[in-house]
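To keep things clear, I will list the structure first and then write my remarks on it.
No lab work stands behind these numbers, since they all come straight from the coordinates. This one's a predicted model, so the numbers in the text were calculated from it and none came from an experiment. Glycine also receives a Cβ, built like all others from the backbone with ideal geometry; neighbour counts cover every protein chain displayed.
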Amino acid sequence: MSRPAIAVALGNIVLQDQLADALALQAEVEVVACRTDAELLVLLAGRTLAGVVLGPRLVGLERRVLPAVASAGVPAVLLAPPVAVGRHQARLAATSPELRVLPDTASTAEIRAALTGDSTPASTRPAGARRRAAVAATPEVEAPVPLRGRLVAVTSCGGQGCSTLVANVGFAYGADSP
């Protein structure tokens, strides 16, 4: 069985890569950096995730991503600029009450604590009260039957970004293949 995974999709590639690297070093989970909302949606549809870290600049955040995260039942954290945390909490409280909004300056310990539902990050606990730094355990589910085959994507030169979207979906679909 594969390790649980955390998906990181911030809409800010530099910050996203830094956060993904930091989480991968400190967490006992696989960290998957999603460049687009389409990659994240493919992961949500085809894989059990232990958590999702989102950013307010992610395209399709409120229209596509948050509903998909809610329907998948995945713990989620939104990293927002410190001055906008309250505004994001107020706006998203009605539509995504399980979403935790943290400042984008939050430490990796705070992010992991938010994903596990722990109100006290590991870094602020007394040394004797430390617990294993892991993300919420994934529920036991029946393993899907692996599909073997070929994915063929055809686009035209319409200039709408369709070929990029198809390439991202194809890449994300093939990422789980052995």
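Is the shape of region 10-49 best called rounded, prolate or oblate, per the rule: a/c under 1.5 gives rounded, else a/b larger than b/c gives prolate, else oblate, with a ≥ b ≥ c the square roots of the Cα gyration tensor eigenvalues? The shape class here is oblate. Extension gain, Thr155-Glu98: 0.36 nm per intervening residue step, less the Cα-Cα distance, totals 16.8 nm. Considering only the Cα atoms of region 12-123, their convex hull presents on average a projected area of 6.6 nm². For Thr36, neighbours were defined as the other residues whose beta-carbon sits under 13 Å from its Cβ, and their charges (Lys and Arg +1, Asp and Glu -1) total +1.
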